[in-house]
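Read the figures in this text as sums done on the coordinates, not as results from a lab. The structure presented is a predicted model; accordingly, all values stated were derived computationally and were not measured. Methodologically, a virtual Cβ is constructed for each residue, glycine included, from the backbone with ideal geometry; neighbour enumeration extends over all protein chains shown.
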Amino acid sequence: MVACDPQKEAPYWFDEMTYSPEETVFKVFAPEHAQCYVVVGSDSVKMDETGLTPDPGLTPDPSPTGEGNNGEGELEGSVYQAVVKGDLKGKEYELVVNGVASPGVFAKAVTVNGQKGVVVDLRDSDPEGWADDHGMHPKDYAGWVVYEMHHRDFSINRPDAEHKGKFLALTEPWALDHLKELGVNAVHILPSYDYGSVDETRLDEPQYNWGYDPVNYNVPEGSYSTDPADPLCRIREFKQMVQALHNAGINVILDVVYNHTYDIEHSNFQRTYPDYYYRVGSNGSGCGNETASEKLMMRRFMIESVKYWIKEYHIDGFRFDLMGCHDIETMNLIRQAVDEIDPTIFIYGEGWSAGQCALPTEQLGVKANVPQMPRIAAFSDDLRDALRGPFSDDTKCGWLGRGASATDEETESMKAGIVGMISHPQVDYSQVNYSKEPYALEPTQMMAYVSCHDDMCLVDRLLASIPCISQNELIRLDLLAQTAVFTSQGVPFMLSGEELLRTKLGVHNSFESPDSINQLDWTQRERYPQVFDYYKNLIALRKHHPAFRMGNADLVRKNLQFLAAPVGVVAWQLKDHANGDTWADIIVVLNAQRKAVQVEVSEGVYTVVCSDGCIDEQGMGQVNGPTVSVGPQSALIMYK
Ligand code: CA
């Protein structure tokens, strides 16, 4: 057993290709006594077994319990190395282990479809001013406002987009203006590393995929570049995208899918070290090909890959796909390694798996174990499903659709979501739909959302689950749902296009649906200006008022008090200038009933800032306590 020191800089295993004009050094980690070659152009050069383990920092674990940073299993393998003289810039290469060729596991530049590695000087890919580029991270995690998007969905149907479906679309004024106006401060881009399900040589044909099928983890996807055959193009354009977003004050969060690969047989892991990186026979990913984060070198790979995206591409946050397939120790080591670079980088993930994992649940990064992963957040399916209905049945509604017949479970799950899944004296977790105990130590360990790329988008779900819903009701409930999300003490997250009243025409799993299903319809922004304005003003309200984002469990317990309310209504008060807010007392009432309701509040004169599907921070009139009326299927927010 050997320990893993995440503080070690660039262990040489991962520098599979180190270029200089005089020579290029190639390395690969492979089983002991393997026959290894690097094929560069037409030359095949033998790689010598160094006898060294991959990382000089990997030393026997001194802790007497044997616990701590151990990876599982004995590390049997060696680093092989070849030094090839001459200027190899631009040359293609493959690393060949026991007769099997691959670009290696940590290629940084590849040919079309990621088939071969390419010798590059990464500095050639830096756009002008790149050295000065950086994100603008909120000072605490409660300040993030996350917008989840797919490159193709966002721009493919935008008439004035120059680079439809490409990284570069996010450098264009229309895109940046839209995001800035909406007020989000982070885009979470669906998989943008090199994935396998889109053929980069046939981009003139319609192809679509979300991209949850990784091939080269540390190279941008070619189909989102203007020229996948030019190895530097995708790298440069990805950086241009990051730089343009950063210049617009928008951070970039990468969706990382370390839990499985496109397949096992042809994966770069398998081709360099057969059967090492996988939990063979386990299917926690639901896609097969489940990787083994608990194994030393897989763990190390994940840590180094995350660090690489931060350092080379200036990434500001990470969303871990099926975090519940990864072990807790690995997630904590990643958090620790990221902290060494910048503790304001935000990390969250899906606190579940898609099937049964080979590891015991108590070792996995599932929601229930979030208390053991400080400063890592997990999506709240509790809040999501309380609002819209269960993931298992699209035709069932939740609190939004049920109104006056809402269940105690829905109401209590809503309250748990509002406080950010922390322990709170007024929330009875025994009645919460999924989490029977608070899973968050701090409210910023909960992602608040009602829809994401998975499942139906919000409009489709409301249509599918509420019979005979009118267009007016649809809009009211849509806005009400997002009011719960953006007034939650968790970290708000929204699916791209919801601000345009997006529909995917009822498609539940659109991972390979055509553009006609997935694309945003930009004409809807003019058709439903009330919707966009409400989203925009809601985000601004949260941004301007720290009471909505206390970011601290004790503060939330002290300053957030639920009020008595009828069934189908959740009401609370943010009191005593919560978190330094200029407003002394803020009342939020969410009413899912189809009629207006009365709610008792403390005496006084209140200024209304949100009512009946409109928001105006400057005030929309005044009302007097102690009894206030809240319009049907809408939110009331007011302060004194
Ligand atoms: Ca690809």
**Prompt:** In terms of Cα to Cα distance under 25 Å, which lysines are near enough to LYS640, apart from those fewer than 8 places away along the same chain?
**Reply:** LYS415, LYS536, LYS543, LYS558, LYS575
**Complete:** Given a Förster distance of 51 Å, the FRET efficiency implied by the Cβ-Cβ spacing of GLU22 and GLU162, rounded to the nearest 0.05, works out to 0.80
**Request:** Check each of the trypsin sites (Lys or Arg not before Pro) in the stretch 569-624 and keep only those in coil by DSSP with at most 15 other C-beta atoms within 10 angstrom; list them in order.
**Result:** ARG594, LYS595
**Request:** Compute the FRET efficiency between LYS436 and GLU128 as 1/(1 + (r/R0)^6), taking r as their Cβ-Cβ distance and R0 = 51 Å, and round to the nearest 0.05.
**Result:** 0.40
**Message:** Beyond a 25 Å Cα-Cα separation, which of these cross-linked pairs lie in this structure: LYS85/LYS311; LYS27/LYS85; LYS239/LYS367; LYS108/LYS139?
**Reply:** LYS85/LYS311; LYS239/LYS367; LYS108/LYS139
**Item:** Estimated FRET transfer efficiency (ASP275, GLN622; beta-carbon r; R0 51 Å; 0.05)
**Value:** 0.15
**Request:** Can you work out the PRE-style zone for GLN598? Point 7 Å along Cα to Cβ, and I want the residues of the stretch 608-640 with backbone N under 16 Å.
**Result:** 624-632
**Request:** Calculate, in nm to one decimal, what ASP177 and LYS311 gain on full extension: separation in residues at 0.36 nm each, minus their alpha carbon distance.
**Result:** 45.5 nm
**Message:** Suppose each label sits 7 Å from its Cα in the direction of the beta carbon; what would the VAL605-SER405 distance come out to in nanometres?
**Reply:** 4.4
**Message:** Modelling each spin label as a point 7 Å along the Cα-to-Cβ direction, I'd like the VAL45/ASP227 distance in nm, to one decimal.
**Reply:** 2.7
**Message:** Full-extension gain between ASP199 and SER516, please, as 0.36 nm times their residue separation minus the C-alpha to C-alpha distance.
**Reply:** 112.2 nm
**Request:** For a footprinting-style exposure proxy, rank SER293, SER223, SER192 by other Cβ within 10 Å, fewest first.
**Result:** SER192, SER223, SER293
**Prompt:** Length gain on complete extension for the stretch HIS577 to LEU505, per 0.36 nm per residue less the alpha carbon to alpha carbon distance?
**Reply:** 21.5 nm
**Request:** Just need the relative contact order of the chain here, percent rounded to a whole number, with Cα pairs under 8 Å and 6+ apart.
**Result:** 11
